[in-house]
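The values are calculated or read from the model by the stated rules, or taken from the named source; none is laboratory data. From a predicted model like this one, the values you see are computed outputs, not experimental measurements. Neighbour counts are summed over all protein chains in view; Cβ atoms, including those assigned to glycine, are modelled from backbone coordinates with ideal geometry. Accessible surface is based on the protein model in full, side chains and every heavy atom, while ligands, DNA and RNA are left aside. Shrake-Rupley method; radii C 1.70, N 1.55, O 1.52, S 1.80 Å.
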Amino acid sequence: MSFPWANHYEPQHPFMRYMDEKLPLPRFIYNAIGGGYPVPRNLNYFWNFGVLSGAALMLQIVTGIVLAMHFAGNSALAFDSVEHIMRDVNSGWLMRYAHANGASMFFIVVYVHIFRGLFYASYKPPREVVWLLGIVIFLLMMATAFMGYVLPWGQMSFWGAKVITGLFGAIPVVGEPIQTWLLGGFSPDNAALNRFFSLHYLLPFVILGVVVLHVWALHLPGSSNPTGVPVKSEEDTVPFHPYYTAKDGFGLGVFLIVFAILVFFAPNFLGEPDNYIKANPMSTPANIVPEWYFWPFYAILRAFTFDFFFVPAKLLGVLAMFASILLLLFLPWIDTSPVRSGHYRPLFRKFFWFGLMPCIIVLGYCGGSHATNGVVLVSQLASVYYFAHFLIILPIVSRIERRCRCRTPSPKACLARLRPHNRGLEKNGSHYRFSGRPVLFGHARLLGHPHRLQYGV
Amino acid sequence: MAAVETDATGAVHEDDGVRRRDFINLAATSFAGVGAVAIVLPLVNQMNPSADVLALASIEVDISKIPVGSAIKTEFRKQPLFVRHLNPDEIKAAEDTKADSLRDPQTLEERTKGKKEWLVTMGVCTHLGCVPLGAGAGELKGEFGGYFCPCHGSHYDTAGRIMKGPAPKNLEVPEYAFASDTVIKVG
């Protein structure tokens, strides 16, 4: 996999040689996340979040398996069994709080991971399949998280299940039979709870499988890097182990500190108090809100309050919500700019920081608020921008943008301009070295002059 | 086109282009396909409502104790059901509204079964499934005196018709019939 200069696995111990012959699992691991995987040497901390997402998934699987040992997937018992876990089961409170907040942490790191992909355009060829698999993982995560939230059978669980399965009811003709089929009844009840439990246990392992594909597809072209310039030789890379295992280990430590603060000091900060009231089909909570990680999508769903020609508002909202995610599948072909990194795309960067990011934050805020007229209006405007950003602005920007580059015509001239600062800069064939270390074009931090060294792509 | 072939045993025989093996492949694949469908159908169908859920699909409601001008909330198919005894003012208000001008045009006549004072509807907002207010004593009835959904502000009139807000349809009228003057059978 990846680059021709990758280290080769050479087992020393006779037992490991025996293993390598019979079941080369250690070789597989060595090549995937060991010394055999060369990684660009200039990765920043945004590149930690893939590993952190994997760690969060494992955390959810482990705590989830433990919780399943004490949970009762029956509508008469579920709510009480969760309280039983909280009060009676040894360390049950820890497991449940870790699982509930672990879900939030999982979404936080995955959102940063997606942010990284969007800003540094990691979705561009040759890594477009990596991106597509990532979207599949994200969709699976959303389904899993939704079903998991139904399991405690509190008020928000019940009404969330009702609203979300109601979305399918918006589909013309087949909508209502599909909704009844999904729920196994006319409203969320025991049948729905039980099947959600079964699927909530299954889907994380499906996610794990797709994660393996995601990493596999990544390791063929190798990791991208903040400059967006492909690595060219061994000098541009370092082995994953020990360099990035150490860096990811540090990131994992920070992740665990934040996680521990949530679990031990604010375990219900991200939750809804209404979910500590047992599900009551006869009474709706005053404000049905999903978990925070669904807020932006919920805002888009609620933004459609008007019929458009013959399409009813309810169906429009559902279509828009799904489209907002499925749109991302087309991103590798929407963004046609040859430049990868947002650092070297001045116009893209402006729309990214002052358009897309505020838009998503506003949508998130609106999705979590009570739907007053003002909130609906703001979410309508933000939804319009969200779609316009990807469907109109991004293709145009990709076309018209002047790439950020050194004003001089060639790398040589570019370096000549920097001469007073570049003592120690030497050229060796097509590679430049600074104080004996290789310089990637664009990795200008070595010279203390960000941007200046970047020369086209 | 006829072809001359030599089989594994060395025997030469003529052929019309379709080999025995092609037929066997096709037949075996079709048979396996039918088998797969036969297995998938019950796997899909098991998710549909089970017999005990469907057994609750029909109920009887005693309406003799509902005073004029008030309503009761009961449960039908695990969802709230509103039975409302309309007073003459409410009937008049519903009849004065022109059905043509509504989002989901229906008259009070069409929404009741011969007895205009009895309005039987599901207590499920047609927007996203919340339970509207207005059936219980002292609950908000909205701008049109019928039902009001607090989730996203849908207002229904005294015939349960959508007047204002995001809901696309009138409150659903379930299938029901008067078993006697004081009992209705729903479902």
Distant-in-sequence amide H partners of residue B:81 (H built 1.01 Å from N, under 5 Å): B:74, B:75, B:76, B:123
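Tell me, what is the percent relative contact order of chain A, built from C-alpha pairs under 8 Å that lie six or more residues apart?
Working: 583 pairs, mean separation 82.5, N = 457.
Over chain A, the number comes to 18 percent.
Of all accessible surface on region B:53-186 at a 1.4 Å probe, what whole percent is carbon and sulfur? Present the calculation step by step, with values, prior to reporting the outcome.
Numbers: 3120 of 5980 Å².
Answer for region B:53-186 is 52 percent, counting heavy atoms of protein chains only.
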For residue B:181, solvent-accessible area (1.4 Å; no DNA, RNA or ligand), Å²: 120
Per-residue average of Cβ from other chains inside 10 Å of B:122-132: 6
Sum of -39500 (n - 2.57) over DSSP H runs of 4+, divided by residues of the protein assembly as shown (222 nm, nearest 500): -14500 deg cm²/dmol
Alpha carbon centroid spacing (whole Å) that separates region A:327-372 from region A:85-158: 21
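Quick check for you: with a 1.4 Å probe and neighbouring chains kept, what is the accessible area per residue of region B:53-186, in Å²? It would help to have the intermediate numbers written out before the result.
On the way: 5980 Å² over 134 residues.
About 45 Å² of surface per residue is accessible.
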Neighbourhood net charge (9 Å Cβ-Cβ; Lys/Arg +1, Asp/Glu -1) for residue B:168: +1
Label-point gap, in nm, between residue B:137 and residue A:287 - each point 7 angstrom along Cα→Cβ: 3.1
Relative contact order of region A:270-342, pairs being alpha-carbon contacts under 8 Å that are 6 or more residues apart, as %: 20
Between helix A:190-219 and chain A: long-axis angle, C-alpha atoms, 0 to 90°, nearest 10: 10
Low-density loop positions, chymotrypsin sites (Phe, Trp or Tyr not before Pro), region A:1-66 - DSSP coil, at most 15 other Cβ in 10 Å: A:5
Under the Karplus curve 6.51 cos²θ - 1.76 cosθ + 1.60, θ = phi - 60°, whole-Hz ³J(HN,Hα) for region B:169-178, x wherever Gly or Pro sits: 10, 5, 4, 5, 9, x, 5, 8, 8, 7
Candidates B:138, B:146, B:129, ranked by Gaussian network fluctuation over chain B, Cα under 10 Å, top entry: B:138
Sequence-distant residues sharing a close amide H with residue A:238 (under 5 Å, placed H): A:39, A:41
Three-way shape call for region A:128-172 based on the alpha-carbon gyration tensor, with the a/c threshold at 1.5: oblate
Interface residues in region A:181-228 - accessible area drops by 30 Å² or more relative to the isolated chain, probe 1.4 Å: A:181, A:184, A:186, A:187, A:189, A:195
Shielded by partner chains, region A:305-320 residues - at least 50 Å² of accessible area, 1.4 Å probe, vs chain alone: A:314
Chains A and B, summed buried accessible surface - 1.4 Å probe, Å², nearest 100: 2300
Rel. contact order, % - alpha carbon contacts under 8 angstrom, at least six apart, region B:55-184: 24
Candidate lysines for bridging to residue A:232, where Cα separation is under 16 Å - those fewer than 8 sequence places away on the same chain excluded: A:427
Accessible surface ranking that places the most exposed of A:112, B:34 first, with a 1.4 angstrom probe: B:34, A:112
Projected label distance in nm at residue B:183 and residue B:57, using a 7 Å step from Cα toward the beta-carbon: 2.2
Sorted largest first, extent of region B:53-186 alpha carbons per principal axis (Å): 35, 32, 28
Shielded residues, region B:40-62 - accessible-area loss of 50 Å² or more between chain alone and all protein chains, probe 1.4 Å: B:47, B:49
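Across every pair of different alpha-carbon atoms, what Kirkwood hydrodynamic radius in Å does chain A reach?
On the way: mean 1/r = 0.0404 Å⁻¹.
About 24.7 Å, per the Kirkwood formula over Cα pairs.
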Derived scalar couplings ³J(HN,Hα) [region A:157-169; Karplus, 6.51 cos²θ - 1.76 cosθ + 1.60; whole Hz; x for Gly, Pro]: 4, 4, 6, x, 4, 5, 5, 5, 5, x, 4, 5, x
Dipole-positive endmost among A:187, A:110, A:56 within chain A (Cβ charges, Cα centre): A:110
Phi to ³J(HN,Hα) by Karplus 6.51 cos²θ - 1.76 cosθ + 1.60 over region A:242-248, Hz, x for Gly, Pro: x, 5, 8, 5, 5, 5, 5
Region B:53-186 - charge dipole about Cα centre, Lys and Arg +1 at Cβ, Asp and Glu -1, debye rounded to 20: 260
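Averaged per residue, what accessible surface does chain A expose to a 1.4 Å probe, in Å²?
It amounts to 48 Å² per residue over chain A.
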